[in-house]
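Nothing in this text is a laboratory measurement; each read-out follows from the coordinates by a stated rule. Keep in mind it's a predicted model, so treat the numbers as computed, not measured. Cβ atoms come from the backbone with ideal geometry, glycine included; neighbour counts cover every protein chain shown.
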Amino acid sequence: MVLYADPPPPIKPPEIKITELANKSTYESSMMEQKTRLHAIERHRSCEVSQAILSEVENRHQHQTLEPIKSPISGCSPSVESTTDTNILHRHTVADAAWEALKKSIVHFRGQPIGTVAAIDKSQGALNYDQVFMRDFVPSALAFLMKGEPTIVKNFLLETARLQLREKMVDLFKLGQGVMPASFKVHHCNSKHKTESLLADFGETAIGRVAPVDSGLWWIILLRAYTIWTRDNSLAESPECQRAMRLILKLCLSEGFDTSPALLCADGCSMIDRRMGIYGYPIDIQALFFMALRCAVTLLKEDHNDDFVYQISKRIKALSYHLHSYYWLDFQRLNEIYRYKTEEYSETALNKFNVIPESIPDWIFDFMPSRGGYFIGNVSPARMDFRWFCLGNFIAILSSLATGEQAEAILDLVEERWEELIGEMPMKVCYPAMENQEWQIVTGCDPKNTRWSYHNGGSWPVLLWLLVAVSVKLGRPHIARRAVEVMEKRLVKDEFPEYYDGKAGRYVGKQARKFQTWSVAGYLVAKMLLDDPSNLRAVSLADDAHTRCAPVLKRSNSFP
């Protein structure tokens with residue numbers, strides 16, 4: 001069965017007779033209208049293609065069919081695009097250099113590929129960059145899957161599931177059984193007999209001694225990607241993987257003193273692994289949590305002796321309701337918060353977290369366009385972190401946590417604030433940067449997270465694959481192409497750095513490693529998603545109305 005047998009016909013702009021136009025301004029106005037109309041046609045067509053592919057893949061996965069799926073643009077080369085031969089050659093050069101760097105980063109354990117090191121920059125000390133990180137390996141794994149090399153991904157999933165069972169101690173405190181390692185490395189025990197073992201880091205040797213909350217969530221998401229791509233359920237159904245998923249989710253779903261369905265986290269527990277004021281309920285973790293829960297529902301084998309899957313389904317709805325009710329921000333919502341009254345005490349209170357309007361930062365009023373919106377960084381008592389975080393918002397789109405309108409609004413915001421979020425290197429991990437006294441208090445005077453550097457408003461090439469994925473999913477590939485073109489101008493010349501500094505991302509990060517593996521893999525995944533939209537099935541979940549519970553906002557005395 002072939003989903004689309006032939007590529008769609010090229011879009012031809014209607015002819016314009018310049019002599020019929022009244023003057024130059026009228027002509028330019030007409031051209032702009034045609035350009036907008038062509039973008040709309042391309043967006044509509046691409047969106048239909050992406051959604052059709054995803055729906056077809058989901059249906060086939062449910063019925064365990066093994067028919068190959070053909071991309072609507074399979075067989076098309078980059079030369080189909082209106083680019084010069086020089087540009088095409090440059091892109092192939094960048095891709096070739098990226099594949100060579102990715103292959104050099106592969107780590108072997110007992111003769112089998114098991115992951116990729118964080119970086120292979122020999123000009124600086126290794127620190128922990130010579131280890132295989134859970135979150136860093138995800139784009140590498142996606143690149144290998146899309147290239148048709150799933151063995152390394154399977155080995156990684158199995159070995160990390162075994163590492164999870166080890167006893168995890170930080171000083172005299174024992175971590176939860178479900179915690180996945182942040183990273184691991186191959187240790188050569190005996191050079192004479194060539195015996196090897198894996199040394200795992202669960203946070204006990206990390207800077208700040210913080211256990212990774214996101215590792216287990218990424219592990220479940222990657223297991224689902226492997227299962228969808230290979231159409232092989234045997235790994236997910238194995239006792240090792242079933243046990244690993246249950247341990248991760250039991251830890252995340254455990255009952256405590258929280259009145260929120262969101263996942264309580266410390267600073268440094270995610271990609272932002274240093275103190276950056278994300279303690280509480282950061283959007284990056286909540287979006288990953290939502291996606292991991294949805295993936296687990298499709299992967300877990302139901303046990304008639306418990307109601308674990310039912311508990312997960314309930315949490316999905318509660319989490320969706322919570323995030324839509326309190327994290328979503330657009331122009332209208334911002335205006336409502338600006339007019340909040342405080343000290344409300346009732347079930348109908350609108351200002352439920354008692355946020356003081358005077359705490360709204362000045363920058364948000366200029367940053368928020370009239371068209372667009374996003375999920376803010378954090379919500380807790382008397383606190384709303386209005387910062388934009390890339391990972392949380394894009395995962396919200398890929399997991400279908402965001403509604404269709406919200407997903408479009410997030411990309412609208414990216415387009416409206418291109419210079420701030422993309423600049424000269426895609427893309428900002430968060431916006432804006434903290435400066436002066438705020439930086440001192442929140443980061444603890446962290447010299448690595450100075451303004452517009454590293455996690456504090458730095459630009460990370462790895463995030464390109466997320467931008468491309470959501471652009472393809474929403475049928476707006478022109479955004480992805482524009483971002484890829486920006487990156488390709490510098491990536492190879494700068495030797496695939498870890499991150500960039502500066503308000504526009506103009507400078508290679510002051511402490512950035514060269515040949516950072518996820519910068520390499522992020523570019524490759526982005527290219528393969530653009531070249532073949534059917535690759536999106538590995539990282540995107542179809543919309544499911546049953547997973548969302550729309551909030552009913554009640555008015556109170558907050559407004560006149």
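Can you figure out the FRET efficiency of Ala542 with Thr230, using R₀ = 25 Å and their beta-carbon distance, to the nearest 0.05? Mind dumping the intermediate values first?
On the way: r = 19 Å, r/R0 = 0.75.
Efficiency, from the Cβ-Cβ distance: 0.85.
Among 454-461, 104-111, what's the highest-first ranking by average C-beta atoms within 10 angstrom per residue?
454-461, 104-111
Taking the Cα atoms of region 107-538, report the difference between the largest and smallest coordinate on each principal axis, in whole Å and largest first.
71, 58, 46
Please list the non-local residues whose amide H lies under 5 Å from the amide H of Ala182, H modeled 1.01 Å from N, same-chain partners needing a gap of 5 or more.
Asp201, Phe202, Gly203
What is the spin-label model distance, in nm, from Asp130 to Glu100 if the labels are put 7 Å beyond Cα along the C-beta direction?
2.4
How big is the C-alpha Rg of region 126-210 next to the rule-of-thumb value 2.2 N^0.38 Å, as a ratio?
1.20
Averaged across orientations, what area in nm² does the convex hull of the alpha carbons in region 371-434 project?
Dividing the Cα hull surface by four gives the mean projection, 4.9 nm².
Which FRET efficiency value, to the nearest 0.05, do you get for Arg490 and Asn335 by plugging their Cβ-Cβ distance into 1/(1 + (r/R0)^6) with R0 = 51 Å?
The calculated FRET efficiency here is 0.85.
Could you pull out every residue, at least 5 positions away or on a different chain, whose amide H is within less than 5 Å of the one on Phe109? Hs are placed 1.01 Å off N in the peptide plane, and Pro or chain starts have none.
Excluding prolines and chain starts, which carry no amide H, the hits are Ile114.
With 18 Å as the limit, write out which pairs from Lys103/Lys514; Lys122/Lys489; Lys317/Lys428 have Cα-Cα distances beyond it, or answer none.
Lys122/Lys489; Lys317/Lys428
Pull out the extension gain between Asp171 and Trp363, defined as 0.36 nm times the separation in residues minus the alpha carbon to alpha carbon distance; nm, one decimal.
Stretched out fully, the Asp171 to Trp363 stretch lengthens by 64.9 nm.
If I take R0 = 60 Å and measure r between the Cβ atoms of Gln112 and Arg371 in this structure, what FRET efficiency does the formula 1/(1 + (r/R0)^6) give, to the nearest 0.05?
0.75
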